[in-house]
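Worksheet: the structure to be examined is printed underneath.
Laboratory data are not the source of any read-out in this text; all were calculated from the coordinates shown. Because the structure is predicted, anything quoted here is derived from the model rather than measured. Cβ: placed from backbone, ideal geometry, glycine included. Neighbour counts: every protein chain shown.
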Amino acid sequence: MNFSKFVARFNRGLLYAFMIALVGFTALPIVYMVSTAFKPLDELFLYPPRFFVMKPTLRSFFDLLTATDSSIVPFSRYIFNSLFVSVAVVFSSLFVCCLGAYVLSKFKPPGAGFIFAIILSALMFSPQVTQIPTYMIVSSLGLVNTYWALILPKIAVAFNIFLMKQFFDQIPDALIEAAHIDGASDWKIFWRVIMAVSKPAWATLIIFSFIGNWNDYFSALVFTTSESMKTLPLAIQTLAGGPGVVARTGALAAGTFLMTLPPILIFLAFQKLVMNTMVHSGIK
Amino acid sequence: MQSSVEVNSPLQLAPQKASRFKLTNARKRAALGYLFLSPFLILFIVFTVIPVLQSVYLSFTYYNMLQPPRWVGLSNYSVLFLEDDIFLTSLKNTFIFAVIAGPLSYCLSFMLAWVINTLKAKMVFSLAFYVPSITSGIALSIVWLYIFSGDRYGLLNNLLLDWGMISEPILWNTDPDTIMPVIIVVSLWMSMGTGFLVFLAGLQNVSPELYEAGAIDGISSRFQELWYITLPLMKPQLLFGAVNAIVGAFGVFDIAVAISGMPSPNYAGHTIIAHLFDYAFIRFELGYASAIAVFLFLVTLGLGRIVMRLLSSKDE
């Protein structure tokens, strides 16, 4: 038996063992969250606390969705708010940013370089920096506490147009010229050619943008004051910080589970597309 | 006379003006380009460019949203740096966080991506590390608060008590000494995000022939491969990851608030954004808050520029 080969194989096994242990470690909080969501009342308050659920039950979900009558707004309203806002932002942003990126990448009108430079700088600051004037603009437009306040400011996102432009850059111009010769209008080329070949890119954009908006806490915190306009992250924090903390432990765990599930499922479904797109997203 | 000036100016591309003259093809395309770009530009200008400029203006004023802004010159900035002890605390916290968590998460995500790229079942491993970053920090804080809970019921305290490593529960999220470490640990857990994916994708894109060519040129170890072949090829991705890491590190807010509350005990978990939020939306001193925002903007932009200079592949 070849000794060095054996050593190499042993090292490899060690590496796998280490990585699996690491995965196990990072997965712990998520496993705990899932298992807690399904715990019956007596297991929630066990001492010492038990990590895994013994007799799983859907009781907490039932409590959360039907029996939260102590709060003013039914929990389903928060789910609807989050879902509606996220979906509206994702699709309007996809449309607006792809159209813009198409111009920056393929038309290059005078000033395109300058616009892209500004977009690049906009990548470099936290969105919270502009929150005050944005709030003033939203408030002077009379949009506070409306869905518009949660949607409009988040359509033209620097990251989205940047991602799409980097992807469009490597679509050969010959493809567009060929379509031109065939008599297609620029609009048709955008819709039928560019968007068709860049499916992985915009699928990625949909995922990132959905996840970001679904989890967004700051804008809802700033732009909404009424209970019925709150989104899930805010609602969950209210559940957690309210006076009846102990009584709602189960509902809280169930809410967290519901909040966390959609991003994971969506990423799981589109993981391959995302990886194919991210190759092109470096800043050159 | 007037009209000829307009025609000569490249900025005059409004369709109704343009139609009066025979247009060159290029000009028509530019007009169409601006038309397609306009939805983005309008929203981008209204909700990003104007807010940034307005922040700069407001930072020189006293403004409480009820009365019109009153010009106060640099006094917001001088108060900020000379008199506001809590701001200095938040600055210190944010810098400690950025200096430790930023580079650590950046290196960690690159190392993990590098290791995962050599393994089988890449997708499974990458998913396992990516998932924490797409969970909501706010939602998951419920789990973290349980793990770091200050009484015997807290998971970590429970374990440490069982193993006899401590004799009394540690008040993880209320003791000023342990708040920051807890925030850093949780952020690191969540930090294998976009940067990690970009690294992973970049690594997969390095063609194997380059490694073979490198081997002929005398590169022998995996680390030499990494240093001489992989890293130079991955500059665009590394730059993207770095910009992401900087923005993330200086924008830390929701996790800190979820873990330590607002205001946190002795302001130990107070970050720049938390301070900004406090003055903007609790005290409604928007001029002062704008000065904080402008300062933060300059810091991230400056660091972003430095990183770009260091890693840019343009000037080679």
Requested in this report: With only alpha-carbon atoms counted, please give the Rg and Dmax of segment A:173-284, in Å.
Outcome: 21.1, 69
Report task. Please list A:212-224, B:173-185 highest first by mean number of surrounding beta-carbon atoms within 10 Å per residue. Result -> A:212-224, B:173-185
Report task. Round to the nearest 0.05 the FRET efficiency obtained for residue B:282 and residue A:15 when R0 = 51 Å and r is the Cβ-Cβ distance. Result -> 0.55
Report summary line: Hits in segment A:128-164: amide N under 17 Å from the 7 Å Cα→Cβ extension of residue B:56, namely A:129-134
Query raised in the report: Using a Förster distance of 22 Å, how high is the FRET efficiency between residue B:162 and residue A:55, based on the Cβ-Cβ distance and rounded to 0.05?
Result: 0.35
Query - Exercise: per-residue mean of other protein chain Cβ atoms within 10 Å, A:26-32 - result: 6
Report summary line: Calc'd 3J(HN,Hα), segment B:125-140, phi into Karplus 6.51 cos²θ - 1.76 cosθ + 1.60 (θ = phi - 60°), Hz, glycine/Pro = x, comes to 5, 5, 4, 4, 8, 7, 3, x, 6, 9, 7, 6, x, 5, 5, 5
Report task. Evaluate the distance, in nm, between pseudo-label points positioned 7 Å from the Cα of residue A:84 and of residue B:88 along their respective Cα→Cβ axes. Result -> 4.9
Query raised in the report: Can you list the aspartates and glutamates whose alpha carbon is less than 13 Å from that of residue B:92, not counting same-chain residues fewer than 8 positions off?
Result: B:84
Requested in this report: Average the reciprocal distances over every distinct pair of alpha-carbons in the protein assembly as shown, invert the result, and give the Kirkwood radius in Å.
Outcome: 26.3
Requested in this report: Pairs to check: A:272/B:120; A:165/B:120; A:165/A:230. Give those whose C-alpha atoms are more than 24 Å from each other in this structure.
Outcome: A:165/B:120; A:165/A:230
Requested in this report: For chain A, restrict the atom set to alpha-carbon positions and state the Rg and Dmax in Å.
Outcome: 24.0, 79
Query raised in the report: Peptide A:232-238: average number of partner chain Cβ atoms within 10 Å per residue?
Result: 4
Report summary line: Checking B:151, B:217, B:254 against a Gaussian network model of chain B (alpha-carbon springs below 10 Å), the top fluctuating residue turns out to be B:217
Report task. Beta carbons within 10 angstrom, averaged per residue: use that to sort the peptides A:130-136, A:263-269, A:171-177, highest first. Result -> A:130-136, A:263-269, A:171-177
Query raised in the report: Quick one: helix A:112-122 against the long Cα principal axis of chain A, what's the angle to the nearest 10°, folded into 0 to 90?
Result: 20
Query raised in the report: Given a Förster distance of 22 angstrom, what is the FRET efficiency for residue B:74 paired with residue B:49, based on the Cβ-Cβ distance and rounded to 0.05?
Result: 0.40
Requested in this report: Would you mind computing, in nm to one decimal, how far apart the modelled labels at residue A:108 and residue B:262 are, each placed 7 Å from Cα along Cα→Cβ?
Outcome: 4.5
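So what's the projected area for segment A:50-172, the Cα convex hull averaged over all directions, in nm²?
On the way: hull surface 52.5 nm².
With the hull built on Cα positions only, its mean projection is 13.1 nm².
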Query - Kirkwood Rh and Cα Rg combined as Rg/Rh, chain B - result: 1.08
Query raised in the report: Amide H to amide H, which residues 5 or more places from residue B:61 or on other chains are under 5 Å from it, using H placed in the peptide plane?
Result: B:72
Query - Packing rank of B:76-85, A:9-18, where each peptide gets the mean count of other beta carbons within 10 Å, highest leading - result: B:76-85, A:9-18
